[in-house]
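Student: Handing you this structure, nothing more for now.
The values are calculated or read from the model by the stated rules, or taken from the named source; none is laboratory data. Here the structure is a predicted model, which means the values were calculated and not measured. Don't worry about glycine lacking a Cβ; one is built from the backbone with ideal geometry, like all the others, and counts go over all protein chains shown.
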Amino acid sequence: MTSRLKLIYKKLYSHFGPQAWWPAETPFEVMVGAILTQNTSWQNVELAIANLKKYKLLNPGRLCKLPQRRLSTLIRSAGYYNIKAKRLRYFLDFLLKRYGLDIKMMSRSSLKDLRQELLAVNGIGPETADSILLYALNKPVFVIDAYTKRIFSRHRFIARDCGYEEAQGLFMRGLKKDAGLFNEYHALLVKLGKDYCRKNKPKCNICPLKQH
């Protein structure tokens, strides 16, 4: 399994090159983006992030002080903006009470503890939690999303209806636990899913993984 996973990574990296993902200036920006990107496109999230930056609000302390209604308005482009504003507030409350809004202090906690803490925050599921852990805090955990499950079920590594933990285990057991590798691998899978392994009308005949 390890050799097959490595071969897929090699082919994707050769085809697409480095993805430089997650596009953000700070770890906190990644965290906010991970929550906002739930059930929407990244383009919509970028607009919301740009709005927060415009008013110099992409900062834990400033966002904590921002009225809920104002936050909802600023992130409207991300969709489900009232729900996401509440989820951001729940996350900020956690960050304040547990770490005093100190991201560096948060990063010093263990992967296991952090994951349990994040999953206990209202509105944060496994994919969002792992995105924060990997992309914001550089913790070696593999993120599973719809693209990853689609690609690997079509290539018969996992069942189409397999759970998050089961799919994640494929990578956590089969690859060296390296945050840099997990980061690039997942980003490449997202690229493949968007460009080739689409939900409808996949481009199987020209897929970089056609031989597999």
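Student: On the given criteria, is Lys201 surrounded by fewer than 22 Cβ atoms within 10 Å (Cβ to Cβ), in the same structural domain as Met31 (by TED's automatic domain parsing) and of a type outside the set (Asp, Glu)?
Tutor: On the way: surrounded by fewer than 22 Cβ atoms within 10 Å (Cβ to Cβ): yes; in the same structural domain as Met31 (by TED's automatic domain parsing): no; of a type outside the set (Asp, Glu): yes.
Answer is no for this residue.
Student: Considering Gly33, Gly61, which residue is over 29 Å from Leu181 (Cβ atoms) and either part of a helix (DSSP H, G or I) or over 19 Å from the mean Cα position of the chain (by Cα) (or both)?
Tutor: On the way: Gly33 fails: over 29 Å from Leu181 (Cβ atoms).
Exactly one of Gly33, Gly61 is over 29 Å from Leu181 (Cβ atoms) and either part of a helix (DSSP H, G or I) or over 19 Å from the mean Cα position of the chain (by Cα) (or both), namely Gly61.
Student: Ok, one more. Suppose we filter Val190, Val143 for residues that are touching a His at 6+ places or on another chain (Cβ under 6 Å) and closer than 27 Å to Met106 by Cβ; which single one remains?
Tutor: Numbers: Val190 fails: touching a His at 6+ places or on another chain (Cβ under 6 Å).
Val143 is the lone residue from the list that is touching a His at 6+ places or on another chain (Cβ under 6 Å) and closer than 27 Å to Met106 by Cβ.
Student: Another one. So which residues in segment 1-26 are surrounded by 18 or more Cβ atoms within 10 Å (Cβ to Cβ), in a helix (DSSP H, G or I) and not aliphatic (A, V, I, L, M), if there are any at all? Full working, then the answer.
Tutor: Here is the first cut: in segment 1-26, the residues surrounded by 18 or more Cβ atoms within 10 Å (Cβ to Cβ) are 8, 11-12, 19, 22.
Filter once more, keeping what is in a helix (DSSP H, G or I): 8, 11-12.
Across segment 1-26, the qualifying residue is only Lys11.
Student: Shifting gears a bit: Any residue that is of a type in the set (Ser, Thr, Tyr), within 27 Å of Glu184 (Cα to Cα) and surrounded by 15 or more Cβ atoms within 10 Å (Cβ to Cβ) - is there at least one of those in segment 32-40?
Tutor: Restricting attention to segment 32-40, the residues satisfying the condition of being of a type in the set (Ser, Thr, Tyr) are 37, 40.
Still in the list and also within 27 Å of Glu184 (Cα to Cα): 37, 40.
Adding the requirement that they be surrounded by 15 or more Cβ atoms within 10 Å (Cβ to Cβ) leaves 37, 40.
Yes, because at least one residue in segment 32-40 is of a type in the set (Ser, Thr, Tyr), within 27 Å of Glu184 (Cα to Cα) and surrounded by 15 or more Cβ atoms within 10 Å (Cβ to Cβ).
Student: Let me ask another. Any residue in segment 102-111 that is free of Cβ contacts under 8 Å to residues at least 24 places away in the same chain, out of contact with any Pro (no Cβ under 8 Å at 6 or more places or on another chain), closer than 29 Å to Gly169 by Cα and in a helix (DSSP H, G or I)? Step through it out loud before you land on a result.
Tutor: Pass one, segment 102-111, residues free of Cβ contacts under 8 Å to residues at least 24 places away in the same chain: 102, 104-105, 108-110.
Narrowing further to those that are out of contact with any Pro (no Cβ under 8 Å at 6 or more places or on another chain): 102, 104-105, 108-110.
With the extra rule that they be closer than 29 Å to Gly169 by Cα, the set shrinks to 104-105, 108-110.
So of that shortlist, the ones also in a helix (DSSP H, G or I) come out as 104-105.
Checked against the condition, which is being free of Cβ contacts under 8 Å to residues at least 24 places away in the same chain, out of contact with any Pro (no Cβ under 8 Å at 6 or more places or on another chain), closer than 29 Å to Gly169 by Cα and in a helix (DSSP H, G or I), segment 102-111 yields at least one hit.
Student: Let me ask something additional. Examine segment 28-45 for a residue that is of a type in the set (S, T, N, Q), free of Cβ contacts under 8 Å to residues at least 24 places away in the same chain and over 28 Å from Gly100 (Cβ atoms), and state whether such a residue exists. Even if it seems obvious, please write down each step before you answer.
Tutor: Narrowing segment 28-45 to residues of a type in the set (S, T, N, Q): 37-41, 43-44.
Add one more test, that the residue is free of Cβ contacts under 8 Å to residues at least 24 places away in the same chain, and what stays is 41, 43.
After this cut, where a residue has to be over 28 Å from Gly100 (Cβ atoms) as well, the list is 41, 43.
Looking through segment 28-45, at least one residue is of a type in the set (S, T, N, Q), free of Cβ contacts under 8 Å to residues at least 24 places away in the same chain and over 28 Å from Gly100 (Cβ atoms).
Student: Go through segment 155-181 and give me each residue that's of a type in the set (D, E, K, R) and assigned to a loop (DSSP other than H, G, I, E, B). Give the steps one after another, and end with the answer.
Tutor: If we filter segment 155-181 for residues that are of a type in the set (D, E, K, R), which is where we start, we get 156, 160-161, 165-166, 173, 176-178.
Once the filter is applied, which keeps residues that are of a type in the set (D, E, K, R) and assigned to a loop (DSSP other than H, G, I, E, B), segment 155-181 yields Arg156, Arg160, Asp161, Lys176, Lys177, Asp178.
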